[in-house]
Each structure stands twice: as C-alpha cells, then as structure tokens.
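Heads up, the thing below is written out as structure tokens.
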C-alpha cells in the first residue's frame, strides 16, 4: 500500500472499515508527506492534534462504527475557525488567533469521524482568484503553487485546498465559494469540487467575506467522494445561522448511478463567446459530446446577463465585505498596532498593517458603493440586476435539467501574471459568478488538458437543491473518463 | 394654542425613546441580559463579534415589539428588514449596529393622555412615526482607568425598541406627560422594566422653536434624558437658549446636545458637519422579519387589558367618572388594587375615593409602592363596608386605616382574616358609631340644655346655629355618633 495517499475518500474508507489499515497509521503516513510544506498548501499542522483524532477514530471503528468517513483524513481551508488549530483567514490581522469554537462544518466533519490534517492556505479573507493574496506567515508569506506546474497559480481563493488534493497531500478538503472559489481552483488543479445551494452548509464559523454569497463545500478526487463529504457537511443549523436552509440532511450519493438517458443539458451560448480560450473550449466540447453519447440531449439556452454578473458581484461582495471586516479593529482580538496616538490612529495603523492590498481595495470599493448618495446607483441597482440574473436561470431551467459550460476562460496562468492587474483577475470570474449571485449549486469536474498540459474543468450548474443531480452527472462522466484519475508528476 | 407661546415662539418637540426590552437573553445571541453583572461576563462569542459568529433573532424581542404596536394602534409590518448601521467605536464589537432602517416592524400609532393645562384637564395625542428593533452597544468605562478606556460588552446586543414620534409636542410639560404615558404603557404591558436609572428607558428630545405659522425651525437633539425631572429642565433650558440665540440674530445649527444636571445646561456634543455616513444596508445575515397575522393575533389574545380599555370598562362596569377611571389606571397594580377593593365591598365610587385620596396620599409621601402596600384590598373593602353599614364614621375609618398602615400585617391570601382584623381595630379603639338612638338622645338633650343661645338663634331662623350644636354633640359622643342621625334627631327635637 505504498500509494495510499493517491486514494480517494471512498477507497480509504473501505480499507479502514476492513481494518486493512488503521486511522493512526494512515494519518501518520499523510502527515509525513507534509514536510517542507509542498506547494505552500498548508498554513498550520499539529501532528499531536491529528493523531489524537485518528486514535479516537480507530476506537470508533473498533466498536463496529461503520460511518463512511470515519478515520478518513481531511484538511480545512483556513477560513473555517477551529479550536484545535490557529485560524488566520490568510490575513496578518488574525495571525495568532485561536477560536474558542469550531465552525459548524468543521464540527460536522469531526462528528463524522474525519481526521484533520491541518489548515489550508487561501487568499486573504477569501478575496482572490490565484491564491497570491496570502499574507501569512507574516515573516514570509508564500503564494500557493499549482502541482501541475509550480510556475503557475492554483486558482483561488481555495487554492491551498485544491493544490493539497491535487498533490495527494489529503484525499479531501473543505473550501468556500463566494464567486467561484471552490470551482475555479478545482478546475485549475484538475480535481472535483462542489458548491451547494446557498444555505445548505452552515456559515457559522466561516470568517465572513460576503455573507449573501459565501458557501462551504467539499473538494476531492471525484464526484463519489464529494457526495459522501457533502452528505456529512449539510444539515440545518437554524440556531446559529439565520440563512441556513431548513432542509433535512440528504444522502447525496443516492442518485450517483442513474443513467443519463433523457437528461437535458443546457449549454449557455454566452459561456462560449470569444473570450473563451480555444484550449479550454476543445475539452469542454468533447465532454459535452460524452454526455450526449450517454443519452443526454444538449439544449442551447441563454443567460443574457452573464457579463453583468461581474459589475454586480464586484459591488455586492465588496459592500458586504467592507462591513464584515469592520470587526477587525484591534480592540478585541487579532493584530493591534504597537504605537498610536489616539483611537483613530490605532484603528488606522492596525488596519493599514493588518490588511493586504486586495482586501483594502475591496473595503474601499464597498464603502464607496454604500455611501450616502451612491447607494441607490450602485448597491441597489446591483441588487436589482442580481434578481434578474436569478430569474434568467429559472427561465433556462424550464428547458434543461442541468447547465454545463466552462469554469474559467483559460487554464491556470503564471504566478504574478495578473497580480498587478486586479481587473484581469476579476474578469476571469465571469463563468462562476452567475451561479453564485443566484445562490445555485455548481461544481467543477476535470475534463481534459489545455495549454501547457494544464487541467481544464467543466462547470455543472443545477437548480436549487439539485446537488444530487449534479453529482449524478459528474459521476456518470467520471465512470466513462479517466481525467479525474490523473495526478500531476511528483504527486504519486 | 397661543397660551403656550414662550416669548412669542412656539416650541416643537419630538421624541426618540430607547426602551430596553425585558427578554431573558439578547436580541441576537443567547447571553443573559441581566443588569449589574461583572464586566464582560455576559458577552458570548456572538456579542464579542468573534470571527465566524452570526446573529439569530430572539423571537421574544419581536413579540414585545408586536405588543407595543398593538397597544398603540400601530401597523405591524408583515415584513420588516434589519439593516447594518456602520461606524467604528470600541464598544461596538462588530463595527456596525444591527437596527432597522427603511422598513421598521412597528409603523404609525398614537399615544394619548390627559394633562393639566392651566385649570383644565386636556386630552392630548402624540403620533408615532415608528418603532424599530435594534441592539444596544456595550459601555466604555472612562473613569476607572488612567489614560485608557475599559470596554464592558455585557450590554452589547441587549434588545431595544426605539420609539419615534412626530414633532407633535408643544411644551416641556407636554413632553414629560408623553414620556410618562409611554413609560406607563411599556411597563403596563411588561415589555420593559422602565428603570430609568439603569438606562432601561432612555429619552432623546428633538427640540426646535419657531414663530407661530412659520416652518419648523432647526432642531437640536438632547440625548439620554434619564429622569422626568431632568427632561423638563433640559427642554426648558434648551428652549430659552434657542430663543436667545435667534433673538441675538444667530441661526440654530443642527446638533446633538447633552444635558448637565449639575449646571442645568445643555451643551453641544457634535454638529451636523461631524455626522457620520452610516452606510446603511440590509443585513445579509438576517432574512426579512416576517410576522404573519396569526402571530399578531396570538400575541393580541395573550396581552393584558390595556389601560385605556380598562378605564373605559371602569366607567361602564363600575359607573365611575372618566377622571376616576383614568387616575385608577395609572399603573397596573393600582388598577388591580381598585378592582379587588371594589369587587369585595361593592362600593366602587367609595373605593375610588379612598384609593385616589388616602391611599395615594400615603403612597406619594412614603417609599411604598402599590405592589407592597401594607393595607390589603380586602382590608380596605372591609373598612368601606363598615362605613357603609354605619358601623363607623369616615373620621373613624381614617383612624382604622392609619392603624392598618402603620401596623402592616395585611394578609393577601386570607380576605376573612383581613376583615376580622378591621373589626378588631374598630373594637380595640372603641370607634363604633352610636346607633342606639336612646343613648344619643340623652346626649342631645344635655347639649341642648347647655346651649340655649344656639337653640334660640336656630329657632329665630339662623340655620347656621345648628353647627354650634352638632360639634359639641359629636364631641360628647367621642366621635361615635352618626352625623346623619344627629342631624335627624336635632331637627326633630328643635322642630
């Protein structure tokens, strides 16, 4: 079993349940791979904590507990607060912060018996599409690299999660998706990730970026694993999160094996316009043909406000962020400037030192669009268009069961290529933003390779609460293809 | 009402009142709201705004808002919105206050009350603009630290209802009467403990002056008036100050001012130029607050009878004058005391007279509240019964009442014991009226014999001369004679 680390969640679960391997042994093997912090994917590890959790999992297995995730390793994006590991959200302002409680998602995965390997790097406060906006450790912050080509970005903001799964450092990771932060890095790193319907997974304990958009989800090797993870992650949390949906926990694996015959796949022509790079277009088209060959029909649909999703998102998300980040003021927790003359000076210095450029940029944009005299023209108008974008999807779902298209216009770009051009970064989010704004579930599955042998991801978007259908389509595709089995050189 | 002009200016006052709601836990967290705990012992992760925490609405706070709306005849919004009011301050942990801005939960309504104006009792109404739910901030403690400020977040997240009026009041007296009436209502329906010293009921007064008929003047807002006495002083000072400014040719600048009870003056804290842009926007952490009609009706069915409804009932059920009914419904305890007394003795008007007279007088002079009255309703009812059945005179009844009051010992659980106690005091003090006409006639005959001059004057047609005879008779009977019977017998003997 020398290639344990390349196995997925379901495979490891079978080995653990068969007692072919123990959770402590598995955790020890996985921790051993984290030396030197490959791809800068992890921000914190604590083998003592991990092994204690693994020991507890072994004890549960010994009592005959057959919970499917028992003893399987996972790592959490550092945007989830954890009592056993530090939580930084990738920001200097939270460096050294330790939460007194676990995020609901972390708690649920723990209750399922998963063993936490550590906390994963991300863009500061989940703001970014390249995982270059990471500011910790402040002594030497490191951008995460893409395991397929270390000169390239892994995508973001859940770049650490995607890189860690792709590099076989963990079989599973949590991510969060505000405007594409699960789907885009999953696509860039050639793994599978799903963002459920807004409100499915509790936001309690997720360091808030944009409250009306933030949503947690699993990232793993394949759709089958994602279904197992999502089933443990999602259930109502009404006492702690007012936006949590009052929808019972589901077995998202239940429809995995349904044939695709009769499935109507909507193909929005706006997702295939000139901006789509040809090396991405090719694999996507081939993947669509594959679905067709399995009995699905392709339906041309329209999402006419796709391009508006960029300005709408970059008004609403910064507006909410500017307010959500006000609590980082140096008064109660986190970084406080050393020398200051008075209260205003303390605020100013603390936040100047504590926040990175992209975070400051969004706080300023957000404060501006909420200001007296600008609110109606920006924020209110954006909310109106946001509703229209959601309506467009409902129109489209009259003609199709799922929507398919690219996750991003290109494959992963070179480190530093867009780091001085925020706008270029923002424009690359065009295909993931619409589903985020509408609160719809979306996922990314690997469908081939483009320029520089970089992975290409296909996006699947479902109607509200249709995660099981997305996972069904993804699983059927993965049964017929091998892209999800590919690992970057060096990982195996 | 030209009578209310001050140096030719009309005073215009609107109120914003923060009523702290009487919930056990905070508006968006489960931490306790109890007053007076050690600093920061009643602040949970949500109140401290720790990363990842989220607000969850306390339904009890919503119910209290519904109750106020029902009490004041307001519209209860089926859908209201929580908004974030963004500003930085150390005792505001999230960097924003969750409040309601564009769509509040309670809309419109009226506070109506009686007040004395000159010699007349006048009915007044003050219209409400709105009442909205919001969370309180923590406290900054400047005194106990040298060159530093302590932050106590126990109060952070305490539920408040901010009650906003139209600028309908025209004098400081009217403003105070409004505030007292609102205070009465919120404590009556039990949504607020009304403790002004502890800050449970805080009033801000928006004050402006204008020449009659002119548009509204520029207002200044007097913050945190925490007693009715200061409220009147502060408004009176502010009105004088504004008139002086205008008379001296200065324009009034919109400002927020504080009243200093030591100097009796108001002083500006900040002017409009310093006003922050709060960047209000709907809080994405909280869905719209939806209140179905069934919820409103359930709250209505569980609500105590309101003071004005109860006053109307007192008029129809007990035949009381409107004035009595209004006075008796000044507090829930007083109204309950009246009803218990009236029911037990069957003499509603006498009960009302006693409560508005002797009982209230004793209450006002002492520190006793209605809730802890030393004379029980059963005792007062028994006492009234003894007046009514001619056992004792009014004067004697007062002596019994004084004895009951000073000795205490009311037994609210045992009406029979209370009635027995009244009789025991009457017996012990020998206050029983002389209803035996033979004994009384003897006294009258003696007095008539001793006062021939009065008898002659009366017979000559001077009716007043009778009083000169009644007094000595009462005295000779040691107050036990029934005055009506004395009159009757006297007239018979002299006639």
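A short reminder: the numbers here are calculations on the coordinates, not readings from a lab. As the structure is a computational prediction, the values presented were derived from the model and not from experiment. Backbone-built Cβ (ideal geometry, glycine too); neighbour counts: all protein chains shown.
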> For A:241-248, what's the mean count of beta carbons from other chains sitting within 10 Å of each residue's beta carbon?
Replying inline: 3
> Which whole-angstrom value gives the distance between the alpha carbon centres of segment B:150-192 and segment B:225-294?
Replying inline: 14
>> Checking the a/c ratio against 1.5 first, then a/b against b/c, what shape does the Cα gyration tensor give for segment A:210-331?
In response: oblate
>> Can you compute the modelled spin-label distance between residue A:414 and residue A:376, with each label point 7 Å from Cα toward Cβ, in nm?
In response: 4.9
>> Based on alpha-carbon atoms only, what is the radius of gyration of chain A relative to the globular estimate 2.2 N^0.38 Å?
In response: 0.91
> Under the definition of partner shielding as Cβ atoms of other protein chains within 10 Å of a residue Cβ, what is the mean value for peptide A:339-346?
Replying inline: 1
> When the Cα centres of segment A:28-80 and segment B:60-122 are compared, how far apart do they sit, in Å?
Replying inline: 51
> Rounded, prolate or oblate: which fits segment B:212-332, taking a ≥ b ≥ c as square roots of the Cα gyration tensor eigenvalues, rounded meaning a/c under 1.5, else prolate when a/b beats b/c?
Replying inline: oblate
> Average partner chain C-beta neighbours within 10 Å, per residue of A:206-213?
Replying inline: 3
>> Only counting other Cβ atoms within 10 Å, I'd like A:219, B:57, B:334 sorted with the fewest neighbours first.
In response: B:57, B:334, A:219
> Beyond 50 Å, what percent of the Cα pairs of the protein assembly as shown remain?
Replying inline: 41
>> With 10 angstrom as the radius, rank B:269, A:109, A:458 by how many other C-beta atoms surround their C-beta, starting from the fewest.
In response: B:269, A:109, A:458
> Per residue of chain B, what 222 nm ellipticity follows from adding -39500 (n - 2.57) for every DSSP H run with n ≥ 4, rounded to the nearest 500?
Replying inline: -12000 deg cm²/dmol
>> I'd like the per residue volume of the convex hull spanned by the Cα atoms of chain B, given in cubic angstrom.
In response: 221
> Taking the Cα-to-Cβ direction at residue A:342 and at residue B:313 and moving 7 Å from each Cα, how far apart do the two end points lie in nm?
Replying inline: 5.8
>> Ranking request for peptides A:318-327, B:198-207: highest mean number of other beta-carbon atoms within 10 Å first, then the rest in descending order.
In response: A:318-327, B:198-207
>> Need one word for segment A:63-213: rounded, prolate or oblate. Basis is the Cα gyration tensor (sqrt eigenvalues a ≥ b ≥ c); a/c below 1.5 gives rounded, then a/b vs b/c decides.
In response: rounded
>> Taking the Cα centroid of segment A:323-351 and of segment B:321-378, what is the distance between the two, rounded to the nearest whole Å?
In response: 58
>> If neighbour count is taken as other Cβ atoms inside 10 Å, put B:123, B:132 in order from fewest to most.
In response: B:123, B:132
